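In what follows, a single structure is set out as structure tokens and then discussed.
The values are calculated or read from the model by the stated rules, or taken from the named source; none is laboratory data. Only a predicted model underlies this, so the values are computations on that prediction, with no experimental measurement involved. Every residue, glycine among them, receives a Cβ derived from its backbone with ideal geometry; neighbour counts consider all protein chains shown.
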Amino acid sequence: MDDKPVLKIDDLCYSYGGSTMALEHVSFEIRKNDFVAIIGQNGAGKSTILKNITGLLRPTEGHIYINGRDSKEMSVADISKEIGFVLQNPDRQLFADTVYEELAYGLRNAGLQEEEIKSRIAKTLEMIGMTGQEEMFPPALSKGDRAKVVIASVIAMNPGIVILDEPTSGQDFQGCYQIMNIAKELHDQGHTILFVTHHMPLVAEYAERTIVMAKRHVMMDAGACEVFSHPEELEKTNIRPPQITQLGQMLAKTMPLTRTTLRVEELGDDLMQLYQTKHSGNNGVSGCEHTLI
Amino acid sequence: MNYVDKDSFMHRLDPRVKVIVLVFFTVIVFLITRPVLIVIMFLSFLSVWTIVERLPSAGLIKTAKFVAGLMGFIILLQAIFYTGNTYILGPVPKDVWLIGGMGIKWEGIAFGLLLAVRLMALIVLMPMVLMTTPIHLFSLGLIRMGLPYKIAYMTTTSMNLVPTFESELGVIMDAQKMRGMTIFEEKGKRFRKMKAWVVLVVPLVIGAMRRAQMMGMAMDARAFGAFKTRTCIDSIRMRWSDWLTLILCLAYGAALVVLNWILR
Amino acid sequence: MAEITTKEENGENTVVRLEHVSYRYPRTKNYVLHDVCIDIHQGEFIAVMGENGAGKTTFLSCLNSIIPNYYLGHMQGNVKVYGMDTKEHVVSEFSRKVGMVLEDPESQLFTTYVRNEVAFSAENMQVEPDEIRSRIDWALSIVGLTSYKDRETTALSGGQKQRLAIAANLAMKPDMLVLDEPTSQLDPIGTREVFDVIRRLRNEEKMTVVIATHKSEEIAEFADKVLVFSKGHVVAFDEPRKIFQDEELMKLCHIRPPQVSALVNYMNMKNAEIHRLPILLKEAGGEIEEWYSGGRKDG
């Protein structure tokens, strides 16, 4: 088990120019195979952090270490070999005639042989559930499929870390979950996943750890369970816990619920157990079982 | 060349004056045939830019670099193909394949220089007007001069889109950089760079087309074109300083034309 | 303020009526709307749900006659909005009655300054400048952008742009507001603020609101009725409570109910016997507390 961080943000400060800071003294570490969500109000600095990580922006002060190397010594192309970044709006990236060409682009830039490219593309398409669609014209695909093609083009390059910026914007319920399940599968395969979102139920369901940004700082960095236990703090950065968590917190005032629940099934199970306890007299529910870092 | 928000002489000029002067001087630039007079125009525009207006020059220098290449190409093209007999290089014997009979002619160089210097004058004049006139006043000026508002809006909406395109292009470039596109960071390799532009232009154009369609629809949905005329919350009024400026500019242009004729 | 168009046949305040509407876009073979029959009444808050591609945006575009007037294509059936048949009138005749807010803020902002953007529609309607200026102040205060009046539109964030788009439509003082996913760029509280604004418009200005969205929790709280599309067909048009109780429907249309409803459904699967399905947070709190304390078991 590797305990050196794959990504280390060390006292990162960033300014777009002039005296206004966009990020102030941001520090955190991401370890291999983490699944981390970054949340916070619009303007808190989430996108700025992502851009600094990928090298599109360079830190004004502080350092970013990618697999131990200082990002200052790496070009954007170097960084792109280790970190794959899926942008918010898929249409900004699609340029090719076919899905195959779209996926092959980055692989060719990386200098791979055509044989290798072909096999990687096949594997990637399988993973996103689009096998056999190599010849499709990307702009003709549905929004969900276009987003999947862009994700595929990034993961085909097999980066150790995959970052998704609001992967679910513009997607319907089904599209959201398809995309997040791809991320989950990548995570199961050993990749490190970082995603930015406004959709709290996704954070609750997928993220093992949540970094909360507020006004250019890191406000909180803990497991999702822990983070959503502090609704008053979250409100300061325009975040509300998922409705189910809010319900649990509301009920906890009058019922002996002891943990912050993140999922419908969890609260359901807890309540059923409490009911049985009350109406037949047994033990209560155990504490917060979610893993922190 | 985007609007720069300041308070300066040109900023306070009525947009109609600026539009008329812009068109007028553009015509004059093409009417005049003595390069020295155009250089005078160029220098006068430049001095207004720097001394009177104190506009930022960074954009101008960037444009100048870009245009320099274009100007060199124009001069070369004219040097070879313009009519004339005074060869300073060549002509190549007629039986040589492809370039037989071609040479560098003095007349061509002179004409090329004329075109180049005209371009130089315009790249100072046009941005100067655009940077001192907010687009909505530009549009209002055109409408008050009788242009149907639909046409005025077509021009100004496209102008408004330029900064949007610039930032879109930036985002698209970022996206491709993160897929390993490094070509733009390497020196030279002009040809490969040109090929690489496809990757950037396609999403930009598709995005632009989608957006244009949406915008047309949105404008319709907000009753654009419902009536032959429309009201406006902004207003413009010609003051004596506007009239004076207009007359002086027209006189300046006319004087140059007369000088040009005298020196022919 | 709001004109009431009565239908002689049944005396209701029907402002929109779709009769057997089917539509396909130009140069395509497949119909994207099939035999849609819908009535919308004055002052209703209608949420439109359904997966991407189900026909929501197409439906919304019928409400201000963009379809069939702007998109052409082939439409069967009639759409009557405020008594006017959309095939027989031009878009601008509907614009004064129906405001439309699109999903992408960038596509609907075309002027340099916020105040000009808001004024745009009223200027098109030849409203007097003084009146326009007071409408600008009113519209910006409703959406909470008053301090941005003289700012450039490019200086606004995505969420602010979405709110500006709403204000720009309000300047026309429409009777109906149609919105296509107006909160996609917003954080949770921003989303709630937009819904609050819309509800205020409905309550105070008596506007009819039709909004396409996926946000079930907000729909449960704000909407009077939910219109569900699936593959171009209307599969349901009912109160949120009835929609969120119908598990088959939700599965078919890939709709997610509010989490509190999903919770009670889950618990009932385990024989909890909670009889009333809550769709709101407070409701759920009350229901569960009652259930827990061994409370009522009425139907």
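Would you pick out the residues in segment A:139-191 that are over 16 Å from A:ASP91 (Cα atoms) and within 11 Å of chain C (Cβ to nearest Cβ)? Listed by number, the residues that qualify are A:ASP172, A:PHE173, A:GLN174, A:CYS176, A:TYR177, A:GLN178. The set of residues from segment C:53-107 being crowded, with 22+ Cβ neighbours inside 10 Å and farther than 19 Å from C:VAL36 by Cβ comprises C:VAL91, C:SER95, C:LYS97, C:GLY99, C:VAL101, C:LEU102, C:ASP104, C:PRO105. Does segment A:208-221 contain at least one residue that is under 26 Å from C:GLU51 (Cα atoms), touching a strand residue (DSSP E or B) at 6+ places or on another chain (Cβ under 6 Å), away from chain C (no Cβ under 14 Å) and of a type in the set (A, V, I, L, M, F, W, C)? Within segment A:208-221, not a single residue is under 26 Å from C:GLU51 (Cα atoms), touching a strand residue (DSSP E or B) at 6+ places or on another chain (Cβ under 6 Å), away from chain C (no Cβ under 14 Å) and of a type in the set (A, V, I, L, M, F, W, C).
Among the conditions (1) within 13 Å of another protein chain (Cβ to nearest Cβ); (2) under 22 Å from B:SER139 (Cα atoms), the only one that B:SER241 does not satisfy is (1). Pick from segment C:254-280 the residues that are within 7 Å of chain A (Cβ to nearest Cβ) and β-branched (Val, Ile, Thr): which of them is farthest from the chain's Cα centre (by Cα)? The residue in question is C:VAL260. Once segment B:155-171 is narrowed to residues that are at pLDDT below 85 and aliphatic (A, V, I, L, M), the residue that is farthest from B:VAL202 (Cα to Cα) is B:MET159.
Considering segment A:67-120, the residues that are free of Cβ contacts under 8 Å to residues at least 40 places away in the same chain and part of a loop (DSSP other than H, G, I, E, B) include one that is nearest to the other protein chains (Cβ to nearest Cβ), namely A:PHE95.
The set of residues in segment C:231-245 that are over 17 Å from the mean Cα position of the chain (by Cα) and surrounded by 19 or more Cβ atoms within 10 Å (Cβ to Cβ) comprises C:GLY232, C:PHE244.
Among the numbered conditions (1) surrounded by fewer than 22 Cβ atoms within 10 Å (Cβ to Cβ); (2) over 20 Å from A:ILE53 (Cα atoms), the only one that A:ALA110 does not meet is (2). Just to be sure, is C:THR111 in contact with a His (Cβ under 9 Å, 6 or more places away or on another chain), at pLDDT below 95 and buried (at least 20 other Cβ atoms within 10 Å of the Cβ)? Yes; evaluated as a whole, the condition is true for this residue.
Any residue at all in segment A:20-37 that is over 14 Å from the mean Cα position of the chain (by Cα), within 14 Å of chain B (Cβ to nearest Cβ) and under 22 Å from A:LEU202 (Cα atoms)? Checked against the condition, which is being over 14 Å from the mean Cα position of the chain (by Cα), within 14 Å of chain B (Cβ to nearest Cβ) and under 22 Å from A:LEU202 (Cα atoms), segment A:20-37 yields no hits at all. Any residue that is within 13 Å of chain B (Cβ to nearest Cβ), of a type in the set (A, V, I, L, M) and out of contact with any Leu (no Cβ under 7 Å at 6 or more places or on another chain) - is there at least one of those in segment C:69-76? Yes: segment C:69-76 contains one or more residues that are within 13 Å of chain B (Cβ to nearest Cβ), of a type in the set (A, V, I, L, M) and out of contact with any Leu (no Cβ under 7 Å at 6 or more places or on another chain).
Look through C:PRO182, C:PRO129, C:PRO105 and report the one residue that is in contact with a helix residue (DSSP H, G or I) (Cβ under 6 Å, 6 or more places away or on another chain) and either more than 11 Å from every other protein chain (Cβ to nearest Cβ) or free of Cβ contacts under 8 Å to residues at least 12 places away in the same chain (or both). Checking each option against the conditions leaves just C:PRO182. Pairing each residue of segment B:2-19 that is under 13 Å from B:ILE135 (Cβ atoms) with any residue that is assigned to a loop (DSSP other than H, G, I, E, B), provided the two are 6+ apart or on different chains, yields C-beta distances under 6 Å for B:TYR3/B:PRO134; B:PRO15/B:THR133; B:LYS18/B:THR133. Is it the case that some residue within segment B:79-101 is under 18 Å from the mean Cα position of the chain (by Cα) and either within 30 Å of B:MET131 (Cα to Cα) or at pLDDT below 80 (or both)? Among the residues of segment B:79-101, not one is under 18 Å from the mean Cα position of the chain (by Cα) and either within 30 Å of B:MET131 (Cα to Cα) or at pLDDT below 80 (or both), which makes the answer no.
All conditions but one from (1) in a loop (DSSP other than H, G, I, E, B); (2) in contact with a Leu (Cβ under 9 Å, 6 or more places away or on another chain) apply to A:LEU125; the one that does not is (1).
Say we look at segment C:132-141 and pick out the residues that are surrounded by 13 or more Cβ atoms within 10 Å (Cβ to Cβ) and either within 16 Å of C:SER95 (Cα to Cα) or more than 22 Å from the chain's Cα centre (by Cα) (or both); which of these is farthest from the other protein chains (Cβ to nearest Cβ)?
Restricting attention to segment C:132-141, the residues satisfying the condition of being surrounded by 13 or more Cβ atoms within 10 Å (Cβ to Cβ) are C:132-133, C:135-140.
Now narrow it down to the ones that are either within 16 Å of C:SER95 (Cα to Cα) or more than 22 Å from the chain's Cα centre (by Cα) (or both): C:132-133, C:135-137.
Values: C:ILE132: 5, C:ARG133: 6, C:ARG135: 10, C:ILE136: 8, C:ASP137: 12 Å.
So the residue we want is C:ASP137.
Name every residue in segment B:206-229 that is within 30 Å of the chain's Cα centre (by Cα), part of a loop (DSSP other than H, G, I, E, B) and buried (at least 21 other Cβ atoms within 10 Å of the Cβ), in order of residue number. Once the filter is applied, which keeps residues that are within 30 Å of the chain's Cα centre (by Cα), part of a loop (DSSP other than H, G, I, E, B) and buried (at least 21 other Cβ atoms within 10 Å of the Cβ), segment B:206-229 yields only B:PHE224.
Tell me, please, whether a residue that is farther than 30 Å from C:PHE237 by Cβ, more than 12 Å from chain B (Cβ to nearest Cβ) and in contact with a helix residue (DSSP H, G or I) (Cβ under 9 Å, 6 or more places away or on another chain) can be found in segment C:203-211.
Step one: list which residues in segment C:203-211 are farther than 30 Å from C:PHE237 by Cβ, which gives none.
No - not one qualifying residue is present in segment C:203-211.
Would you confirm, using the coordinates I've provided, whether C:LEU102 is under 18 Å from C:ALA212 (Cα atoms), modelled with pLDDT under 90 and hydrophobic (A, V, I, L, M, F, W, C)? In short, yes. Against the criterion of being within 14 Å of chain C (Cβ to nearest Cβ) and on the phi > 0 side of the Ramachandran plot, B:ALA223 qualifies.
Filtering segment B:149-173 down to residues that are surrounded by fewer than 20 Cβ atoms within 10 Å (Cβ to Cβ) and more than 23 Å from the chain's Cα centre (by Cα), which residue is farthest from the other protein chains (Cβ to nearest Cβ)?
Residues of segment B:149-173 that are surrounded by fewer than 20 Cβ atoms within 10 Å (Cβ to Cβ), as a first pass: B:150-152, B:154-155, B:157-159, B:161-167, B:169-171, B:173.
Retained after the next criterion (residues that are more than 23 Å from the chain's Cα centre (by Cα)): B:171, B:173.
Details: B:VAL171: 6, B:MET173: 9 Å.
Among residues in segment B:149-173 that are surrounded by fewer than 20 Cβ atoms within 10 Å (Cβ to Cβ) and more than 23 Å from the chain's Cα centre (by Cα), the one farthest from the other protein chains (Cβ to nearest Cβ) is B:MET173.
Taking segment A:146-232 and the strands (runs of 3 or more DSSP E) fully enclosed by it, no element has 3 or more residues that are in contact with a Lys or Arg (Cβ under 7 Å, 6 or more places away or on another chain) and closer than 13 Å to A:VAL36 by Cβ.
Table: residues versus (1) closer than 26 Å to A:THR98 by Cα; (2) touching a residue at least 24 places away in the same chain (Cβ under 8 Å); (3) under 13 Å from the mean Cα position of the chain (by Cα).
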residue: A:ASP145; (1), (2), (3): yes, no, no
residue: A:GLN171; (1), (2), (3): yes, yes, no
residue: A:GLN189; (1), (2), (3): no, no, no
residue: A:VAL196; (1), (2), (3): no, yes, yes
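Before we move on, is A:ALA204 in contact with a Leu (Cβ under 7 Å, 6 or more places away or on another chain), within 14 Å of chain C (Cβ to nearest Cβ), within 20 Å of C:LEU186 (Cα to Cα) and hydrophobic (A, V, I, L, M, F, W, C)?
Details: in contact with a Leu (Cβ under 7 Å, 6 or more places away or on another chain): yes; within 14 Å of chain C (Cβ to nearest Cβ): yes; within 20 Å of C:LEU186 (Cα to Cα): yes; hydrophobic (A, V, I, L, M, F, W, C): yes.
Yes, satisfied.
Quick one: in segment B:180-210, of everything that is at the interface with chain A (Cβ under 7 Å from one of its Cβ atoms), in contact with a Leu (Cβ under 9 Å, 6 or more places away or on another chain) and at pLDDT 80 or above, which residue is farthest from A:ASP91 (Cα to Cα)? Among them, the one singled out is B:VAL202. Applying the criterion of being assigned to a helix (DSSP H, G or I) and within 30 Å of C:VAL114 (Cβ to Cβ) to the residues of segment B:230-264, the residue that is nearest to the chain's Cα centre (by Cα) is B:ASP242.
Selection of segment A:33-63 for residues being of a type in the set (Lys, Arg) and either surrounded by fewer than 17 Cβ atoms within 10 Å (Cβ to Cβ) or under 19 Å from A:ASP78 (Cβ atoms) (or both) yields A:LYS51, A:ARG58.
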